């Protein structure tokens, strides 16, 4: 149903110097186990869910990472923009606008 990604080490890279166990759990449990469970949700679907969740919680510090991950998981920029537009009515205009700004940054960095 999906393509399995290689084991992650982003958690240890980003958090390991301050919280080594948090970094290890981020990699070994969240990304290497949870994200690899594809019986019911594909990585693409997990990316859409995660991006939507971060937008509704106004978590811009995590959003860019997950926008990039969504892109890797074959979520188009148009689909991401549609999620953000839809969520403007549920999560608030400022949350959606902030997310759209980050999407714009990602698109520009890809050019």
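The values are calculated or read from the model by the stated rules, or taken from the named source; none is laboratory data. Just so we're clear, the structure is a prediction, and the values are computed from it rather than from any experiment. When we count neighbours, we look across all protein chains shown, and the Cβ atoms used for this are built from the backbone with ideal geometry, even at glycine.
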Q: Give 48, 80, 41, 67 a once-over and let me know the one that is more than 13 Å from the chain's Cα centre (by Cα) and at pLDDT 95 or above.
A: 41
Q. For residue 69, are the conditions met, namely being surrounded by fewer than 16 Cβ atoms within 10 Å (Cβ to Cβ) and in contact with a helix residue (DSSP H, G or I) (Cβ under 8 Å, 6 or more places away or on another chain)?
A. no
(Q) Can you say whether residue 79 is farther than 15 Å from residue 60 by Cα and surrounded by 14 or more Cβ atoms within 10 Å (Cβ to Cβ), as far as the supplied structure shows? (A) yes
